[in-house]
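Working notes, beginning with the structure itself.
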Amino acid sequence: MVPFTTLNALACPLGLENVDTDQLIPARFMSRPRDAGYGGFLLHDQRVGPDGASRGSILDNKAYAGAAIMVARRNFGTGSSREAAVYALWDFGIRCVIAPSFGDIFASNAVKNGLLPAQVSEVAADAILEWLAAASGRMITVDLQACSVVCGNRSYPFVIDPVRRLQLLNGWDDLDLTLQHEAAIKRYGENRRREHAWVVPAVS
Amino acid sequence: MTPKDSAPRTLFDKLWDSHVITMREDGEALLWVDRHFVHEGSHHAFRKLDEKARGVAEPSLTFGVADHYVPTRGRPVIADPEIGQMVERLKRNTTKHGIRLFGLDDPAQGIVHVVGPEQGLTLPGLLIVCGDSHTSTHGALGAFAFGIGASEVAHVLMTQTLWQRKPKRMRILVDGTLGAHITAKDLALHVIATIGADGARGHALEYAGEAIANLSIEGRLTLCNMSIEAGARCAMVSPDAATIAYLEGRPYAPKGEVMEAAIVAWLALASDPDAVFDRELRMNAADVAPTITWGVSPEDSLPITASVPSPEGSTQRQKYLMEALAYMGLEAGRALVGIPVDRVFIGSCTNARIEDLRAAASVLKGRKARVPGLVSPGSSAVKRMAEAEGLDRIFTDAGLTFADSGCSMCVGMNGDLAASGERVASTTNRNFRGRQGVGARTHLMSPAMVAAAAVTGCLTDVRALLLVEG
Ligand code: SF4
């Protein structure tokens with residue numbers, strides 16, 4: 001996983017609440033292999049009409065081409081556990097989403113792929129969105145060491161679980177860590193079966 | 001070590017404590033997974049295994065279910081090659097790793113969250129995961145069950161464990177009794193409307209109280225299923241006599257002496273009387289009306305007797321409401337009752353168990369549907385049961401299609417979709433934009449309410465329908 005420390009990048013003010021993962025990537029695209037790239041599926045049905053014509057979404061606005069930060073409102077990534085929502089954001093080029101709250105599973109999936117879910121207050125989200133709306137093409141700096149979002153001369157704190165922060169900062173993969181506990185896992189599994197015979201699925 | 005006899009613990013505390021393999025200084029715990037369900041959508045995770053050239057740590061605790069992409073008609077033929085490939089890929093991956101698969105042609109096939117409890121794979125006291133957010137369903141039997149993403153699925157496949165931080169504990173106590181024709185679905189939508197789609201975020205949610213104790217296991221499954229729509233990490237109900245009665249004799253459930261020991265362990269799981277919750281809410285079942293969604297999030301729920309909300313509140317809120325109403329093609333202020341629907345769907349892991357089909361059939365019996373609709377039972381076993389009871393005839397006589405079991409129109413991955421602009425009365429769990437098809441307008445409600453909408457061709461208070469027509 002690529003470590004995340006600081007990011008200075010163009011920010012796209014999506015500004016919507018309850019952006020569920022069904023919107024982030026409609027289900028019909030999820031059977032595709034990842035190598036093909038998922039970026040084109042990001043928020044697909046808001047960007048492309050049934051006739052294939054562009055709906056003029058902010059994601060396709062030239063002023064935001066190359067944005068690596070997205071700013072949204074409460075409950076971003078709610079709903080389905082599909083990690084493909086993160087793949088779509090990542091392949092589109094997004095490395096950080098700033099919002100007042102995130103769906104739990106989405107936030108976990110994001111971190112596992114190196115994408116930072118930065119949780120700011122409602123007031124801060126409003127202020128950041130307003131600042132971005134005032135002029136297009138504005139850059140934001142997200143500093144994961146300091147847990148701050150810097151917009152021009154204003155700075156806003158964000159929160160993230162300390163463990164997730166460390167994982168992102170170091171680009172750690174869970175598996176390496178888990179394998180250090182292999183003996184304990186084996187012991188636990190054996191004890192559990194011995195002490196509680198009912199946990200073993202009965203053979204039908 | 002667990003302080004067994006000291007501090008009072010909640011059901012969730014007990015479930016958590018019994019699965020901790022090791023704790024890290026930073027507070028993350030490595031948890032043991034007792035059951036892991038995979039489905040066609042798990043292909044990303046299997047690919048990660050291949051990339052790392054690793055196998056499945058505990059194939060005997062892993063179960064595959066074909067549900068998300070399976071066709072509901074014309075089986076075993078799968079017309080669409082892309083869909084056929086998804087079902088085939090699951091078969092290949094499970095065969096390769098020695099995992100028991102409830103595949104397309106298996107008599108026990110069905111939707112993963114229906115199959116687990118039905119087969120007795122879901123038990124109280126177990127930690128259960130699946131790469132699907134509605135895994136919260138299994139908590140209805142007193143399990144610690146939650147949905148995970150593809151990276152975590154791969155981690156569980158490789159190690160049978162997961163790193164987690166302990167969520168906070170929340171309890172919703174529901175006093176009193178639900179009124180006639182008011183179900184767990186109405187209660188679930190009522191809860192979500194009350195606390196919001198992120199109201200239980202970061203919490204393990206326990207339901208308790210008189211109304212919950214009186215719910216059938218099917219009802220509890222519906223309630224825990226919908227809890228993810230309130231943002232809960234997982235949801236649960238303490239196992240009781242009803243739980244045990246439900247599990248006895250199920251194929252994979254313990255038998256004989258092992259079952260006796262299990263029952264003792266299960267009944268000890270209930271929250272201790274003085275256990276403390278981080279958050280507690282109390283509501284009265286008598287306040288729950290038949291509840292439906294009008295908008296694009298499950299929190300956009302109202303009693304059927306209400307009207308479409310008018311945009312008010314902050315500018316942001318007004319914008320949200322206006323966009324939701326525009327998507328739904330609804331006019332602010334009009335009564336919900338009487339809004340015409342184009343189609344109905346009875347299915348999904350939320351509301352397609354036998355009790356749900358019975359409730360819908362009791363409304364449809366001797367009546368005709370004015371709109372087309374699809375009934376997809378929660379499992380092939382439920383389908384056979386419904387046929388044995390003659391429910392299939394009631395549905396087809398009413399003019400609805402009675403099909404095979406799968407996720408079907410809950411998510412539309414198999415091609416069962418509504419057309420753009422169509423309004424669907426649906427027993428499913430998500431009314432997100434485009435969930436049932438690009439531009440489709442979903443109204444969530446109970447099976448009886450969907451049946452009532454089918455009969456009248458519009459959103460209807462099932463109580464009024466049954467009163468008027470007898
Ligand atoms: S029925 Fe719907 S919610 Fe349930 S597992 Fe299938 S797609 Fe998910």
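Restricting to the stretch A:59-84, give me the number of residues that are surrounded by fewer than 24 Cβ atoms within 10 Å (Cβ to Cβ) and within 14 Å of chain B (Cβ to nearest Cβ).
3
Look at B:G421 and say whether it is at pLDDT below 95 and in a loop (DSSP other than H, G, I, E, B).
Here the answer is no, as B:G421 does not meet what is asked.
What number of residues in the stretch B:123-141 are away from the ligand (no atom under 14 Å from the Cβ) and either within 9 Å of another protein chain (Cβ to nearest Cβ) or under 22 Å from A:V203 (Cα atoms) (or both)?
Number satisfying all stated conditions: 6.
If you go through the stretch B:439-451 one residue at a time, do you hit one that is within 16 Å of the ligand (Cβ to nearest atom), of a type in the set (S, T, N, Q) and more than 20 Å from B:H190 (Cβ to Cβ)?
No, the stretch B:439-451 has no match at all.
If I ask for residues that are of a type in the set (A, V, I, L, M) and farther than 28 Å from A:L24 by Cα, which ones from the stretch B:435-456 would you list?
If the condition is that a residue be of a type in the set (A, V, I, L, M) and farther than 28 Å from A:L24 by Cα, then B:A448, B:M449, B:V450, B:A451, B:A452, B:A453, B:A454, B:V455 are the ones that fit.
Would you pick out the residues in the stretch B:422-437 that are more than 15 Å from B:P372 (Cβ to Cβ), out of contact with any Phe, Trp or Tyr (no Cβ under 8 Å at 6 or more places or on another chain) and either away from the ligand (no atom under 14 Å from the Cβ) or not hydrophobic (A, V, I, L, M, F, W, C) (or both)?
Going residue by residue through the stretch B:422-437, those that are more than 15 Å from B:P372 (Cβ to Cβ) are B:427-435.
Checking the rest, the ones that are also out of contact with any Phe, Trp or Tyr (no Cβ under 8 Å at 6 or more places or on another chain) come to B:429-432, B:434-435.
B:N429, B:R430, B:N431, B:G434, B:R435 - these are the residues of the stretch B:422-437 that are more than 15 Å from B:P372 (Cβ to Cβ), out of contact with any Phe, Trp or Tyr (no Cβ under 8 Å at 6 or more places or on another chain) and either away from the ligand (no atom under 14 Å from the Cβ) or not hydrophobic (A, V, I, L, M, F, W, C) (or both).
Sort out which residues of the stretch B:418-438 are without any contact (Cβ under 8 Å) to a residue 60 or more places away in the chain and either closer than 21 Å to B:A359 by Cβ or facing chain A (nearest Cβ under 9 Å) (or both), and write them in order of number.
Of everything in the stretch B:418-438, those that are without any contact (Cβ under 8 Å) to a residue 60 or more places away in the chain and either closer than 21 Å to B:A359 by Cβ or facing chain A (nearest Cβ under 9 Å) (or both) turn out to be B:S420, B:G434, B:R435, B:V438.
Take the residues in the stretch B:50-85 that are surrounded by 18 or more Cβ atoms within 10 Å (Cβ to Cβ) and at pLDDT below 95; name whichever of them is farthest from the other protein chains (Cβ to nearest Cβ).
B:I78
Any chance the stretch A:181-193 includes a residue that's surrounded by fewer than 17 Cβ atoms within 10 Å (Cβ to Cβ), modelled with pLDDT under 95, under 33 Å from the mean Cα position of the chain (by Cα) and not aliphatic (A, V, I, L, M)?
There is no residue in the stretch A:181-193 that is surrounded by fewer than 17 Cβ atoms within 10 Å (Cβ to Cβ), modelled with pLDDT under 95, under 33 Å from the mean Cα position of the chain (by Cα) and not aliphatic (A, V, I, L, M).
Is one or more of the residues making up the stretch A:150-162 within 11 Å of chain B (Cβ to nearest Cβ) and on the phi < 0 side of the Ramachandran plot?
So far as the stretch A:150-162 goes, yes, one or more of its residues are within 11 Å of chain B (Cβ to nearest Cβ) and on the phi < 0 side of the Ramachandran plot.
Against the conditions (1) aromatic (F, W, Y); (2) closer than 24 Å to B:S133 by Cα; (3) out of contact with any His (no Cβ under 8 Å at 6 or more places or on another chain), where does A:F29 fall short? Just the number, please.
Every listed condition holds for A:F29 apart from (3).
With respect to A:G114, is the statement that it is of a type outside the set (A, V, I, L, M, F, W, C), within 18 Å of A:N18 (Cβ to Cβ), within 12 Å of the chain's Cα centre (by Cα) and more than 9 Å from every other protein chain (Cβ to nearest Cβ) true?
no
Within the stretch B:376-384, does at least one residue satisfy the condition of being surrounded by fewer than 24 Cβ atoms within 10 Å (Cβ to Cβ), on the phi < 0 side of the Ramachandran plot and either more than 16 Å from the ligand (Cβ to nearest atom) or of a type in the set (A, V, I, L, M) (or both)?
Taking every residue of the stretch B:376-384 in turn, at least one turns out to be surrounded by fewer than 24 Cβ atoms within 10 Å (Cβ to Cβ), on the phi < 0 side of the Ramachandran plot and either more than 16 Å from the ligand (Cβ to nearest atom) or of a type in the set (A, V, I, L, M) (or both).
Restricting to strands (runs of 3 or more DSSP E) lying wholly in the stretch B:217-307: which have 1 or more residues that are in contact with a strand residue (DSSP E or B) (Cβ under 6 Å, 6 or more places away or on another chain) and hydroxyl-bearing (S, T, Y)?
B:291-293, B:301-303
The values are calculated or read from the model by the stated rules, or taken from the named source; none is laboratory data. This structure is a prediction, so every number in the text was calculated from the model and none was measured. Glycine also receives a Cβ, built like all others from the backbone with ideal geometry; neighbour counts cover every protein chain displayed.
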